[in-house]
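Take a look at the structure set out below.
The values are calculated or read from the model by the stated rules, or taken from the named source; none is laboratory data. A quick note: this is a predicted structure, and the numbers were derived from the prediction, not measured. Cβ coordinates were reconstructed from backbone atoms using ideal geometry, including for glycine residues, and neighbour counts include every protein chain displayed.
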Amino acid sequence: MNIHRPILYFIPLFLSMINSVSAQMDSIQNWIDPIIMQLENATENSVSESDVADALEALLETDENRFEINSLTQEEAVGKLQLSEYQYYQLQLYIEKYGKLVSLYELAAVEGFTHADLLRLSNRLYISNRREKKSGLHHFFRKGASTLLLRYAQVLEKRAGFDKSKENRYLGSPPQLAFKYSYRAPNLIIGLSGEKDSGEPFFKGAQKWGFDHYAFYLGIKNISVIKCLLAGDYRLSFGQGLIMGSGLLGGKGSGSAAIRKMPSSIQPAATLNESDALRGAALHIGNAQYSAVLFYGFRQFDGRQDSLPDGEIVFEGALAAGGLHRTASEAAKKHALLSHTYGASLRMQQRIFRLSLQAVHTLFAQSIAVPDALYRKYNFNGINHFNVSIDYQVFIRKCILFGEAAVGNHGYPALLQGMSINLSPLVKVGALWRYYHRGYIALQGRAFGENGTNSGETGLYLTTDIVLGPKMECQLFSDLYRFTWLRYRTDKPAVGSDFGMRLSLEISRNCRFTVRYAYKNKAQNGGNNPYWHEIVNFNRHKARMAFVLTPLPYLSLHTEVNFAANHAPPAGYKKFGHLLFQDIALSWPKVNLQLHARIAYFNTDSYEERIYAYEHDLYYAFTIQGYYYQGWRACLMLRYNYRFFTIWLRLSQTRYLNRETIGSGLDLINRNHKTDVKVQVRFKF
């Protein structure tokens, strides 16, 4: 080993860090903490619960995996470890110059890596000094591990849909049931899952095969030029998401490095909800410089088929993931439309430059009906759709330029251009400009933007990350945008703006204080004019202060205060809301027992002032709770781990002080409280 390696100059630093590293909590909550705000923002913007669950489930799929640092791929580094591409680039330069890393602490000598990065990555990376021999079938199944997860959940209060005297009632039982099995080896992956929602039949009626939703996959990976060959359910993400994207990461408030999406390979998707995954086959082949993805998949949508006067059969419904088949009317809409999607992506990857071309075509079994509402004039209608795009990325010193240009078969364009700059080790800046024509359509697209459909929008997003001191960091962002067509609850094109900041202060090794503030100015229908909707600019303010204290190794306290205010000056609208909660986390390592508890008080003037907050939940189950009206909420979760199995028990109750009923329709509860119980067991073998 070269005795002049920079690692020798960092030995004193490493010794001082050992205690800090060992004190890090080994929990999924610590890993996903930086993206909680993104998920909360996504929920507030009416993103479906399945999208939120899918995003977090993708993280959990890799949370228990550790990666060999010297053979780290770009996708693993950026997509799974949340490194910036500048960090990955500097890591590769370091390995070329000094050889393979012999210690993880050697990362301190790599430009772009901070003390915080070392702490965050200490449990996710390892260094291998062994060379394993490959020998046939034994090598194919080496280091394989299986996981089986079983879940039961139920609302204890009786809902109106379970009243047998009602004609349109729920056909099944109250419990929600689910299972998930996965097998993972270096070259083989298998997954199977099933889920039944509350109220859906189980092994009877329309569900004679048991669960309402099944998902599966079988794949091989990393064999010669085959990076992945998969059959079953999967997702894909190309470029910046203009024609095909998945997941929610990279939204507002996520930092300068996260505004850029990292194109991923095939993602297996045996999810515990009915998501937007494709079911079919996909192939990813190539090497580090040149690669290609070929895929085919089909999806089924819930809705209604109608006959036009000319005899044409059309589909009416939302082209989104459904999933609820509890009543006879819901069951009648199940899988009313079939779509076939196929396409390809070709990528050239050099050290400082990446270029890719992709095309996606979707064909429906029936024509999609033209929407009636004027704001949906440019929504997709017809029987097939085609998109093609080209995206690039280039390094220029400490600056990364990236972008994507796409077009649909109607000829309307969508453009996205961004840059991320490391001005210094203490300052990072990002900018993202977008233009989505109001007629642009991408059925599988999910790019950055305020409008979830990536159409009829233009805007500029700016973000800055600043290290103010050894224990203080600040993040600022702004987004100025304009809608070029009508939107739901907004009857004319309008402009909007978002501003936000996040200040984090590490008071001591065991104490952290965080302040967040977000402002949104958005036009919306309002006023009391009986002849037309007046457009009112709503000003929304949200503030959050969190104090996290770990006084003892087995005790963690999280205190948080949230405020929300909505104000519309011309209409005289002014309403407020607040949320206060206390979290307690206890662990008893000797008996392998953990406890999470929360008590929360909330009071909002209306539903519009609702406040979202993340709650600890079961593994593969996610709760971003919306607090509104007035009341209390309490949660208690126990986790016990013993050798090959782990069991979770979660109880939660929301009790309203100004409501006598909860919900509406068949979900109506004639009580002022709602109680949820969840039990989950995971076996690893």
> Out of the range 357-388, which residues are under 30 Å from Lys492 (Cα atoms), surrounded by 17 or more Cβ atoms within 10 Å (Cβ to Cβ) and polar (S, T, N, Q)?
Replying inline: Asn387
> In the range 241-252, what count of residues is obtained for those that are of a type in the set (A, V, I, L, M) and either modelled with pLDDT under 80 or under 14 Å from the mean Cα position of the chain (by Cα) (or both)?
Replying inline: 2
> Within the group Gln207, Gln240, which residue is closer than 30 Å to Ser420 by Cα and out of contact with any Cys (no Cβ under 8 Å at 6 or more places or on another chain)?
Replying inline: Gln240
>> Given the condition out of contact with any Lys or Arg (no Cβ under 9 Å at 6 or more places or on another chain), at pLDDT 90 or above and among the hydrophobic types (A, V, I, L, M, F, W, C), answer yes or no: does some residue in the range 495-517 qualify?
In response: yes
>> Can you tell me which of (1) surrounded by fewer than 14 Cβ atoms within 10 Å (Cβ to Cβ); (2) closer than 24 Å to His541 by Cα is the one Phe576 doesn't meet?
In response: (1)
>> Name the residue that is surrounded by the fewest Cβ atoms within 10 Å (Cβ to Cβ), counting only residues in the range 662-685 that are among the polar types (S, T, N, Q) and under 11 Å from Arg159 (Cβ atoms).
In response: Ser664
> Lys678 versus (1) of a type in the set (D, E, K, R); (2) assigned to a loop (DSSP other than H, G, I, E, B); (3) in contact (Cβ under 8 Å) with a residue 60 or more places away in the chain: which is the lone unmet condition?
Replying inline: (2)
> Is it the case that some residue within the range 482-502 is closer than 30 Å to Leu357 by Cα and either in a loop (DSSP other than H, G, I, E, B) or within 24 Å of the chain's Cα centre (by Cα) (or both)?
Replying inline: yes
>> Let me confirm something: among Leu416, Leu423, Leu460, which residue is out of contact with any Lys or Arg (no Cβ under 6 Å at 6 or more places or on another chain), in a strand (DSSP E or B) and modelled with pLDDT of 95 or more?
In response: Leu460
> When you go through (1) in contact (Cβ under 8 Å) with a residue 24 or more places away in the chain; (2) on the phi < 0 side of the Ramachandran plot one by one for Gly199, which number turns out not to apply?
Replying inline: (2)
> What residue, among those in the range 424-441 that are surrounded by 21 or more Cβ atoms within 10 Å (Cβ to Cβ) and among the hydrophobic types (A, V, I, L, M, F, W, C), is farthest from Phe238 (Cα to Cα)?
Replying inline: Leu432
> Would the range 352-374 turn up any residue that is under 30 Å from Lys164 (Cα atoms), outside any strand (DSSP E or B) and of a type in the set (Gly, Ala, Ser)?
Replying inline: no
> Which of the following residues is under 24 Å from the mean Cα position of the chain (by Cα) and surrounded by fewer than 19 Cβ atoms within 10 Å (Cβ to Cβ): Gln475, Gln444, Gln417?
Replying inline: Gln417
>> Against the conditions (1) within 24 Å of Tyr519 (Cα to Cα); (2) of a type outside the set (S, T, N, Q); (3) at pLDDT 90 or above, where does Ile624 fall short? Just the number, please.
In response: (3)
>> Given the options Ser198, Ser182, name the one that is in a loop (DSSP other than H, G, I, E, B) and within 26 Å of Thr646 (Cα to Cα).
In response: Ser198
> Of the residues that make up the range 488-504, is at least one in contact with a helix residue (DSSP H, G or I) (Cβ under 9 Å, 6 or more places away or on another chain), surrounded by 15 or more Cβ atoms within 10 Å (Cβ to Cβ) and more than 29 Å from Gly112 (Cα to Cα)?
Replying inline: yes
>> Against the definition (modelled with pLDDT of 90 or more, closer than 30 Å to Lys164 by Cβ, in the same structural domain as Gly382 (by TED's automatic domain parsing) and under 27 Å from the mean Cα position of the chain (by Cα)), how does Arg326 come out, yes or no?
In response: yes
>> Need the failing condition index for Asp310 against (1) over 24 Å from Arg235 (Cα atoms); (2) in contact with a helix residue (DSSP H, G or I) (Cβ under 9 Å, 6 or more places away or on another chain), just the number.
In response: (2)
>> Taking the criterion of being over 26 Å from Ile421 (Cα atoms) and not in a loop (DSSP other than H, G, I, E, B), would at least one residue in the range 443-453 satisfy it?
In response: yes
>> Out of everything in the range 253-271 that is surrounded by fewer than 22 Cβ atoms within 10 Å (Cβ to Cβ) and within 22 Å of Ile189 (Cα to Cα), what residue ends up being modelled with the lowest pLDDT?
In response: Ser264
> Do we find a residue being modelled with pLDDT of 90 or more and not acidic (Asp, Glu) anywhere in the range 524-536?
Replying inline: no
>> Of the residues Leu192, Leu177, Leu229, Leu236, only one is at pLDDT 90 or above, under 26 Å from Thr147 (Cα atoms) and surrounded by 23 or more Cβ atoms within 10 Å (Cβ to Cβ); which?
In response: Leu236
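Conditions tested, residue by residue: (1) farther than 30 Å from Ile226 by Cβ; (2) part of a loop (DSSP other than H, G, I, E, B); (3) among the hydrophobic types (A, V, I, L, M, F, W, C).
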site	(1), (2), (3)
Tyr296	no, no, no
Arg299	no, no, no
Asp306	yes, no, no
Pro309	yes, yes, no
Phe315	yes, no, yes
Ala320	yes, yes, yes
Ser329	yes, no, no
Lys334	yes, yes, no
> Could you count how many residues in the range 331-372 are farther than 21 Å from Arg279 by Cα and within 27 Å of the chain's Cα centre (by Cα)?
Replying inline: 7
>> Between a residue in the range 228-244 that is under 21 Å from Pro186 (Cβ atoms) and any residue that is among the aromatic types (Phe, Trp, Tyr) and surrounded by fewer than 23 Cβ atoms within 10 Å (Cβ to Cβ), which pairs come within a Cβ distance under 6 Å, given they are 6 or more apart or on different chains?
In response: Gly232/Phe216
>> I'd like to verify a number: residues in the range 505-534 that are surrounded by 15 or more Cβ atoms within 10 Å (Cβ to Cβ) and among the small types (Gly, Ala, Ser), how many?
In response: 3
> Which number in (1) basic (Lys, Arg); (2) in a helix (DSSP H, G or I); (3) closer than 23 Å to Arg151 by Cβ marks the one condition that Arg639 misses?
Replying inline: (2)
